[in-house]
Amino acid sequence: MTNTDKQSIEARIDARIHETLDHWIEQLGRLCAQPSISAQHLGIDECAELTATMLREQGYSADILPTGGSPIVFGERAGKSEKTLLFYNHYDVQPPEPLELWNSPPFTLTRVGDTLYARGVSDDKGQLITRMAAAAAVRDVLGEIPVSIKYFVEGEEEVGSPNIPGGIAAYKERFAADGCIWEFGSVDYSGRPEQTLGMRGLCYVEFTVETAKLDCHSGLGGSLIANAAWRLVWALSTIKGPDERIRVPGFYDNVRPATERDMAYLASQPDHSDEFIATYGVKGFLLGRKGGVELRRAAVFEPTATINGLTSGYQGPGAKTVLPAYASAKMDFRLVPDQTPEEIVPLLRAHLDAEGFEDVAVRYVAGVKPARTDPDDPFVQMSIQAAEDVYGMTPIVEPLIGGSGPLHPFIHELGLPVVTSGCGHPESRVHAPNENIRIPDFINGIRHTARIITRFADL
Ligand SMILES: [Zn+2]
């Protein structure tokens, strides 16, 4: 096929996407109307059923695969070639509260001008519909999809995907593929598409210390017995210093620095440091860092130790002269390749013991491994080029982002290169009231996904 033929096919697919737009907005409304709040296990099984039904309506075989928690919806349809593209998405959503801040009912898709509002419309039901709409448009124009398609739609992404590594191990053969489109894609404020190639990992822990059977009068015990709050803050103060260096021996052993190529991608990203400072009302960045590539490197290629919350003693009105017997803190550590959450807890334990804090317990709560896809993979380069063609702008390539997700088993167990495409924008308000997408972004997300499908066949 000549390049002109390919261009005319892509133009026909674009036209088909526009013709079927209303249908897919309706389907999005249908999916958003089914609440599926994983944090409360509300509507989860119903939404898994609905997702499977919608896939079957489009000619996919769809199974609901049980896991230790919410099921995975697995859809499959053979294409012209055995080359297989896998879509990772999730059908669960965050709770809609606070309800009074919504301008429309969260589980009713509401259109205002070119904007669609509903819980999950961006994260992640709208993204899932862009996959369905793209594959349908390609099929309508070409008669059949040139590659085989698999859908992997989970129901616990919003609670940390605890059953995904196990689910992938259990059904590994079924998920075999050659490339993966991740659950999200977005444009930035200027409309440039973002291509995300990696995510940091996470190790979430809780520290607790109990120094006595019960709280004590501070006049009675202050000179005599240990205060749990002091024990905890002293222990925490040994974990990170004011220089921002994490002082746990061995913590940095597996950290891989950014490569030259990563630095080049970071250098080509727009500088949003002033907006960031304005948004949060801060005086500046840690360590006196200014905007620029070094700030962007530190933002994602350095691991963090963040105290999320501290609890002890009395903080109500007035004064209560109490010596607390109990204190606790929650912390998250954002991890970079090749750190693992599993290695962090024993390092913390050994460190606390060495510092004289055997009385401070540390408990692993949750975690995921960091992961990145190879930027030189032809599939990744193809997706970047396809985005450029659709949006008419050079994509922002993010070698790693600060957030975390269950990316690791897709890259390292299933061996897939992973790219992003989709319909988000910077004010999509994901997880917040009035979650939304804009119809032009929805169309471009479908177009980009459709180009990945057709060009993947030629790779
Ligand atoms: Zn989310």
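The values are calculated or read from the model by the stated rules, or taken from the named source; none is laboratory data. All values derive from a computational prediction rather than experimental measurement. Using ideal geometry, Cβ is built from the backbone for each residue, glycine included, and neighbour counts are taken over all protein chains shown.
A few remarks follow.
- Criterion: of a type outside the set (Lys, Arg) and within 16 Å of the ligand (Cβ to nearest atom) - qualifying residue of Asp140, Asp124, Asp178: Asp124
- Residue within the stretch 339-355 that is closer than 22 Å to Pro162 by Cα, assigned to a strand (DSSP E or B) and assigned by TED's automatic domain parsing to the domain that holds Phe251 present: no
- Residues that are closer than 25 Å to Asn444 by Cα, of a type outside the set (Asp, Glu) and buried (at least 19 other Cβ atoms within 10 Å of the Cβ) occur at least once in the stretch 67-75.
- Being in the same structural domain as Tyr91 (by TED's automatic domain parsing), among the small types (Gly, Ala, Ser) and within 16 Å of the ligand (Cβ to nearest atom) holds for only one residue in Ser148, Ser161, and it is Ser161.
- Test: residue in the stretch 76-89 that is closer than 30 Å to Arg12 by Cα and within 16 Å of the ligand (Cβ to nearest atom): yes
- Inside the stretch 36-90, residues that are hydroxyl-bearing (Ser, Thr, Tyr) and farther than 28 Å from Gly143 by Cα make up a count of 4.
- With respect to the conditions (1) under 21 Å from Thr311 (Cβ atoms); (2) among the hydrophobic types (A, V, I, L, M, F, W, C); (3) assigned to a helix (DSSP H, G or I), Ile277 lacks only one, and its number is (1).
- For the stretch 32-49, the criterion of being in contact with a Lys or Arg (Cβ under 7 Å, 6 or more places away or on another chain), of a type in the set (A, V, I, L, M), closer than 20 Å to Val430 by Cα and in contact (Cβ under 8 Å) with a residue 40 or more places away in the chain is satisfied by no residue at all.
- Test: residue in the stretch 23-30 that is touching an Asp or Glu at 6+ places or on another chain (Cβ under 9 Å) and of a type in the set (A, V, I, L, M): no
- The residues listed here are Leu31, Leu21, Leu86; of these, the one that is farther than 26 Å from Glu157 by Cβ and assigned by TED's automatic domain parsing to the domain that holds Tyr151 is Leu21.
- Flag for Arg111 being under 30 Å from Asn434 (Cα atoms), of a type in the set (D, E, K, R), within 16 Å of the ligand (Cβ to nearest atom) and at pLDDT 95 or above: no
- Scanning the stretch 262-274 for residues that are more than 22 Å from the chain's Cα centre (by Cα), more than 22 Å from Glu244 (Cβ to Cβ) and part of a helix (DSSP H, G or I) turns up Ala264, Ala267.
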